[in-house]
Amino acid sequence: MKLLLDESMPRRLAAFFPESFTVRTVQQMDWSGCGNGDLLRLAAKHEFDALVTVDQGIEHEQNVNRLPIPVVIMRASRTRLKELQPLVPGVLDVLSGDLKRRVYHVSA
C-alpha cells in the first residue's frame, strides 16, 4: 500500500508503518504548500492509496463525495510523534478494510 503523509505530520511517523507499506511525505514529494484539493489530485495521479493527515478541516473544505483517494484523519491532542504513534494501529485497521474514497477518523 502506498501512503502519503500530509506536511503537518511528523516525518518520523513513517517508520511506524509496516515495511510492506510505501510511505512518503508531502515534503519528499516536493508538494509542500499545495492546497488540499491539489494535494489530493496529485496523490491520486501518483497512485497513492490514501492520504494520512491531522488536518480536521479537510473534510469541510473538500467535497467528500468526490474525493480522489481515501483520507485518514488522525485525531490527537497534539501533532507530535509521541501522540500520533499510538494511533498508527487504528490507521492500519482502517487501511486493512474495504477502503472507499471517503474520510476516516482515527482517535485514541
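The values are calculated or read from the model by the stated rules, or taken from the named source; none is laboratory data. All values derive from a computational prediction rather than experimental measurement. Please note: Cβ atoms are built from the backbone with ideal geometry, for glycine as well, and neighbour counts cover all protein chains shown. Accessible surface is based on the protein model in full, side chains and every heavy atom, while ligands, DNA and RNA are left aside. Shrake-Rupley method; radii C 1.70, N 1.55, O 1.52, S 1.80 Å.
Comparing mean-square fluctuations of Ala50, Ala76, Ala15 from a GNM of the chain with C-alpha springs under 10 Å, the top value falls on Ala15. Residues in the range 2-11 carry Karplus couplings, in order, of 10, 10, 10, 8, 4, 5, 7, 8, x, 4 Hz; the curve used is 6.51 cos²θ - 1.76 cosθ + 1.60 with θ = phi - 60°, and Gly or Pro positions show x.
The 3J(HN,Hα) values that the Karplus relation (6.51, -1.76, 1.60; θ = phi - 60°) gives for the range 91-97 are, in residue order, 5, 4, 4, 4, 5, 7, x Hz. Gly and Pro appear as x. Accessible surface of Thr79, taken over heavy atoms with a 1.4 Å probe and every protein chain present, rounds to 70 Å². When the GluC sites (Glu not before Pro) in the range 12-61 are filtered for DSSP coil states and for at most 16 other beta-carbon atoms within 10 Å of their beta-carbon, the remaining sites are Glu19, Glu47.
Heavy-atom accessible surface of the range 1-61, averaged per residue, reaches 53 Å², computed with a 1.4 Å probe. Under the combined filter of DSSP loop state and at most 16 neighbouring Cβ atoms within 10 Å, the range 19-108 retains these trypsin sites (Lys or Arg not before Pro): Arg78, Arg80, Lys100, Arg101, Arg102. Label sites at Lys82 and Arg41, each approximated as a point 7 angstrom past Cα along Cα to Cβ, lie 4.0 nm apart. Please give the FRET efficiency for Ser20 paired with Asn65, using the beta carbon to beta carbon distance and R0 = 30 Å, rounded to the nearest 0.05. E(calc), rounded to 0.05, equals 0.50. Computed log10 I(q)/I(0) for the chain at 0.16, 0.22, 0.23, 0.24 Å⁻¹: -0.63, -1.31, -1.46, -1.62, from the Debye equation with unit scatterers placed on every C-alpha and solvent omitted.
Using the Cβ atoms and a cut-off under 14 Å, what net charge is assigned to the surroundings of Gln28, where Lys and Arg are +1 and Asp and Glu are -1?
+1
What a 1.4 Å probe finds exposed on the range 48-108 is 42% carbon and sulfur by accessible area, rounded to a whole percent.
Working note: 222 nm ellipticity from helices only, DSSP H runs with n ≥ 4, each -39,500 (n - 2.57), summed and divided by the residues of the chain, gives -6000 deg cm²/dmol to the nearest 500. For Val23, nonlocal amide neighbours, meaning residues 5 or more places apart or on other chains whose placed amide H falls under 5 Å from its own, are Leu3.
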